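*Asks:* My questions all concern the structure below.
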Amino acid sequence: MDFKDTISEDTLKIFALARTISLSFGYDYISTIHLFIADCMIRKELSFKSIFFDDEELFDTFCENQRNLEKINLDYNVTLPLTKEAALALQEGEKERKLFGDEKITISHLILSAMKDDNSLIFASLPKVKNVMIKLTKHHIETQYHK
């Protein structure tokens, strides 16, 4: 399924930055973690970062821990594939978009859909937060990013 016409412009920028982050961290794919980090860097206070990290130092430590210590030789000129989890988040993000009645798929939709799976990499990697789905949904609505 081609999502290019239904993804917001900001989210396309987040995908581009996630690619750069993936490569700089030593990965040859884009994961939901890379998308989350890119979102925090681009949307700043509109991102979900404040739900998981009380201060910038904790976030920086989290990012540093995501680096691949066994960096592979990467070709910076190739298109990086999404992990199965990130591809599924994109697919499920379309359902989130419809659920909220939004015009375009945003990064919030992708993160919300990925966080619903407590076996996902992003769910396992981010700090545990009580009532996380309620907080993520509330933040999504309050930021009006989805309108």
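*Asks:* Identify all residues within the stretch 10-35 that are in contact (Cβ under 8 Å) with a residue 40 or more places away in the chain and more than 20 Å from residue 69 (Cα to Cα); write none if there are none.
*Replies:* 10, 11, 14
*Asks:* Exactly one condition in (1) out of contact with any Leu (no Cβ under 7 Å at 6 or more places or on another chain); (2) without any contact (Cβ under 8 Å) to a residue 60 or more places away in the chain is false for residue 41; which is it?
*Replies:* Among (1) out of contact with any Leu (no Cβ under 7 Å at 6 or more places or on another chain); (2) without any contact (Cβ under 8 Å) to a residue 60 or more places away in the chain, the lone unmet condition for residue 41 is (1).
*Asks:* While we're looking at this one, here's another question. Exactly one condition in (1) free of Cβ contacts under 8 Å to residues at least 60 places away in the same chain; (2) surrounded by fewer than 17 Cβ atoms within 10 Å (Cβ to Cβ); (3) farther than 18 Å from residue 133 by Cβ; (4) of a type outside the set (Lys, Arg) is false for residue 99; which is it?
*Replies:* The failed condition is (3).
*Asks:* Shifting gears a bit: Could you tell me whether any residue of the stretch 19-41 is in contact with a strand residue (DSSP E or B) (Cβ under 6 Å, 6 or more places away or on another chain) and not in a helix (DSSP H, G or I)?
*Replies:* Checking the stretch 19-41: at least one residue is in contact with a strand residue (DSSP E or B) (Cβ under 6 Å, 6 or more places away or on another chain) and not in a helix (DSSP H, G or I).
*Asks:* Examine the stretch 8-22 for a residue that is under 26 Å from residue 131 (Cβ atoms) and either β-branched (Val, Ile, Thr) or surrounded by fewer than 18 Cβ atoms within 10 Å (Cβ to Cβ) (or both), and state whether such a residue exists.
*Replies:* Checking the stretch 8-22: at least one residue is under 26 Å from residue 131 (Cβ atoms) and either β-branched (Val, Ile, Thr) or surrounded by fewer than 18 Cβ atoms within 10 Å (Cβ to Cβ) (or both).
*Asks:* Another question, if that's okay. Name the pairs whose Cβ atoms lie under 6 Å apart, with the first residue in the stretch 64-91 and charged (D, E, K, R), the second at pLDDT 90 or above and not in a loop (DSSP other than H, G, I, E, B), and 6 or more positions between them or separate chains?
*Replies:* 85/32; 85/121
The values are calculated or read from the model by the stated rules, or taken from the named source; none is laboratory data. Everything numeric here is computed off the predicted structure, so don't read it as measured data. Quick reminder, even Gly has a Cβ in these numbers, built from the backbone with ideal geometry, and neighbours come from all protein chains shown.
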